[in-house]
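Below you'll find the structure, written out as structure tokens, and then a few comments.
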Amino acid sequence: MTPLTRHSAMGLRQLLERREVSAVEVVQAHLDHIAASDGHLSAFLRVTGEQALAHAADVDRRITAGEPTGTLAGVPLALKDVLATRGIETTCGSKILESYRPPYDATVVRRLREADAIVVGKTNMDEFAMGSSCENSAFFPTRNPWDLERVPGGSSGGSVAAVAAGHVPLAIGTDTGGSIRQPAAFTGLVGVKPTYGTVSRYGLIAFASSLDQAGPIARTVTDAAWLLEAMSGHDPLDSTSIPEALPGLRGTLEAGVDGLRVGVVREFLGTDGLQAGVKARVTEAIDRLAELGADVVEVSLPHAVYGVSAYYLIAPSECSSNLSRYDGVRYGLRCDGSTAEAMMAATREAGFGAEVKRRIMIGTYALSAGYYDAYYAQAQRVRTLILRDFAAAHERCDVLVSPTAPTTAFRLGDKVSDPLAMYLNDVFTIPSSLAGSPAMSLPVGLDDDGLPVGLQIMAPVLCEPVMLRVARALESDLGFDPAPRGPNSLTEVAA
């Protein structure tokens with residue numbers, strides 16, 4: 001019999017609807033699994049077991065009474081600790097917010113609670129979502145369930161580790177330049193960055209406001225589509241929320257790819273540093289799409305090669321502005337100082353980690369008088385060129401495909417002293433973030449070391465249905481098993 005902790009979210013929902021198991025039993029099984037094995041991973045910053053069991057008991061009561069329940073009723077869920085949760089510490093993986101308890105829920109959190117998803121805890125992350133390995137957390141690094149000596153990716157490292165480990169079937173991550181897709185690729189999961197503006201940013205603590213977007217992490221495409229339906233929609237509290245609703249996501253999942261036009265991004269498959277095992281699995285997946293009936297062609301995104309450079313001017317500039325609010329006066333950490341200026345300096349020195357300070361300084365410089373036009377404004381012009389590249393490519397193709405990341409998961413500590421090497425993990429994911437269009441990662445096999453490889457699928461704005469349809473067709477064909485395995489996996493170590 002399959003343990004409850006290895007069921008998909010949809011599978012758990014079916015068991016609950018048939019009364020074969022109670023919501024309390026489902027949640028307790030996942031809490032027990034967290035207690036038994038998260039010591040090996042450090043996926044969670046805090047577990048909210050008491051509240052989760054109380055919510056599950058209320059779901060059971062309503063099911064028994066024949067009262068309405070939400071679409072995710074009884075399904076355990078983890079939240080990246082960048083989303084505000086009322087009365088529950090929300091730290092962004094930073095010492096500067098270590099004791100912060102928001103007085104409100106983020107819109108995404110509210111919608112998921114209304115859908116009766118059971119929040120079991122807040123997951124670890126790179127501080128303020130700045131990182132690609134989950135080693136920049138102010139508290140501790142998170143490990144990859146496939147190999148405990150490797151990183152899970154970042155910045156949503158805790159969320160992907162929790163889902164891959166079976167601690168929860170669903171989690172929320174955020175993606176600014178690849179922070180859902182890259183860690184999903186590293187851990188053999190489905191991770192979706194929706195169209196910018198389809199998911200509310202109200203209560204999502206800001207890193208780069210023109211790029212940040214929350215999205216689903218799951219073990220199957222169907223579960224990811226289901227979760228995205230529950231969390232998306234217009235929000236008047238978010239000025240960047242678009243009024244158009246996403247079309248139905250699950251109705252066309254099984255439509256297949258026959259006749260769809262798939263564009264292979266020439267610049268991405270020819271990139272220096274692309275690991276041989278990654279290229280092999282991605283190429284095989286593209287070949288399978290052609291065999292399934294897709295019309296596969298080569299396309300070009302000529303300005304994508306400048307994406308990393310543009311991103312690391314735009315995102316730090318917005319970060320410099322957004323993080324100026326952490327001054328020791330209004331909330332969060334406060335250190336003593338003989339003057340207001342000394343207090344603020346001491347607070348920010350003690351509260352921010354090295355990577356956050358690096359990006360604040362880059363952004364402040366790029367926005368300063370005499371340099372704004374040369375750096376920030378020029379980066380925005382490059383962003384426009386990249387957006388036009390995507391528009392031209394999508395005139396020919398329904399979706400574009402590429403590797404999600406140039407390598408599989410690397411070892412803990414390998415890149416912490418080389419910021420540029422760390423930044424290049426997002427070389428394939430950054431362009432679609434700059435364009436604001438949807439993109440996702442789908443696991444398509446293992447490299448020679450037995451580590452997961454991700455295929456990135458990119459679609460035009462608001463075309464998540466076709467993107468998920470392509471992913472589902474390939475998922476069904478490949479039959480990838482998302483359970484971590486290998487001699488140093490959580491499965492073996494925690495057995």
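Some observations on this one:
- Projected label distance in nm at Q380 and E149, using a 7 Å step from Cα toward the beta-carbon: 4.8
- Protection proxy ranking, highest mean first, for peptides 369-375, 474-480: 474-480, 369-375, where packing is the per-residue count of other beta-carbon atoms within 10 Å, averaged.
- Proximal lysines relative to K122, as straight alpha-carbon distance under 18 Å, when same-chain residues fewer than 8 apart are discounted: K80, K95
- Segment 193-313, Rg to Rh (Cα coordinates; Rh as Kirkwood inverse mean 1/r): 1.01
- Modelled FRET efficiency - R0 41 Å, D272 with A392, Cβ distances, 0.05 increments: 0.95
- Mean-position separation - Cα centroids, segment 142-167 and segment 205-282, in angstrom: 20
- At R0 = 45 Å, FRET efficiency that the Cβ-Cβ distance of R86 and A290 yields, to 0.05: 0.35
- Distances between placed amide hydrogens fall under 5 Å for G121 paired with T48, L79, all partners being 5 or more residues away or on another chain.
- Potential extension, T2-D414 segment - 0.36 nm per residue separation minus Cα distance: 144.7 nm
- Prolate/oblate/rounded call for segment 286-415, Cα gyration tensor, a/c under 1.5 rounded: prolate
- Paramagnetic label zone (point 7 Å from Cα along Cα-to-C-beta, E17; backbone N under 19 Å) in segment 166-203: 169-170
- If you wrap the Cα atoms of segment 1-54 in a convex hull and average its projected area over all directions, you get 4.2 nm².
- If the Kirkwood radius is taken over C-alpha pairs of the chain, then at 25 °C and 0.890 mPa s the Stokes-Einstein diffusion coefficient equals 110 µm²/s.
- Amide H to amide H, with H built 1.01 Å from N, R261 comes under 5 Å of D295, D398, V399, counting only residues 5 or more places away or on other chains.
- Shape of segment 348-493, Cα gyration tensor, a/c cut at 1.5: oblate
- At R0 = 45 Å, FRET efficiency that the Cβ-Cβ distance of V305 and K357 yields, to 0.05: 0.95
- Extension gain, E492 to D449, is 13.9 nm, computed as 0.36 nm per intervening residue step minus the present C-alpha separation.
- Span from the segment 402-431 Cα centroid across to the segment 468-495 one, whole angstrom: 21
- For the chain, the longest site-free run once trypsin sites (Lys or Arg not before Pro) in DSSP loop states with at most 11 other Cβ atoms within 10 Å are removed: 20-329
Any read-out appearing in this document is the output of simple, stated calculations on the displayed coordinates, not a laboratory observation. Remember, it's a predicted structure, so these values are computed and weren't measured experimentally. Cβ: placed from backbone, ideal geometry, glycine included. Neighbour counts: every protein chain shown.
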